[in-house]
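J.: Questions regarding the structure given below will be posed in turn.
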Amino acid sequence: MFINQMQKINTLSEIGNFGKLTSPAQETKNGEAVFKDVLENAVKNVVETDNEVAKQQYLLATGQTDDVHNLTIAATKAQLSVDYMVQLRNRAMESYSELMRINF
């Protein structure tokens, strides 16, 4: 967790720019994150953390490491990344359902 120094806000339009953690590759003309990129990053994160768990399991099973805590940490990270991706999917499905209920 990072603590940033407080900054003065001159106008109300600047409020929306504070606290955003998007990279330039994820920004559109309006400065909003593209959902596709966010979802792709979540899937990549799940794959990477799953590979890390498999690697730690292999190292522990073959006796190349005796640090069980590394496996536990990797498994927890993998579970959190899956939970994050599931929540993204749930929010997307809720949004889609809400859009389908709009009467035109």
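Rule-based calculations on the coordinates, nothing more; no lab input. None of these values were measured; they are calculated from a predicted model. We place every Cβ from the backbone using ideal geometry, glycine too, and count neighbours over all the protein chains shown.
J.: Quick one: dipole size for segment 26-100, taken about the Cα centre, charges +1 on Lys/Arg Cβ and -1 on Asp/Glu Cβ, in debye to the nearest 20. Display every interim value, and only then the final one.
T.: Working: 7 positive and 12 negative charges, 23 e Å.
Using only the charged Cβ atoms, the result is roughly 120 debye.
J.: Shifting gears a bit: Please report the orientation-averaged projected area of segment 26-100, defined via the convex hull of its C-alpha atoms, in nm². Show your work: numbers first, answer last.
T.: Values: hull surface 25.0 nm².
So the Cα hull casts an average projection of 6.2 nm².
J.: Obtain the nm distance between the two label points defined at GLN79 and LEU59 by a simple spin-label model: each point lies 7 Å from its Cα along the Cα-to-C-beta direction.
T.: A separation of 2.0 nm, rounded to one decimal place.
J.: If you average the sequence gap of Cα pairs under 8 Å that are 6 or more apart and divide by the length of segment 26-100, what percent do you get for the contact order?
T.: Details: 40 pairs, mean separation 22.6, N = 75.
Averaging sequence separation for qualifying contacts and normalising by length gives 30 percent for segment 26-100.
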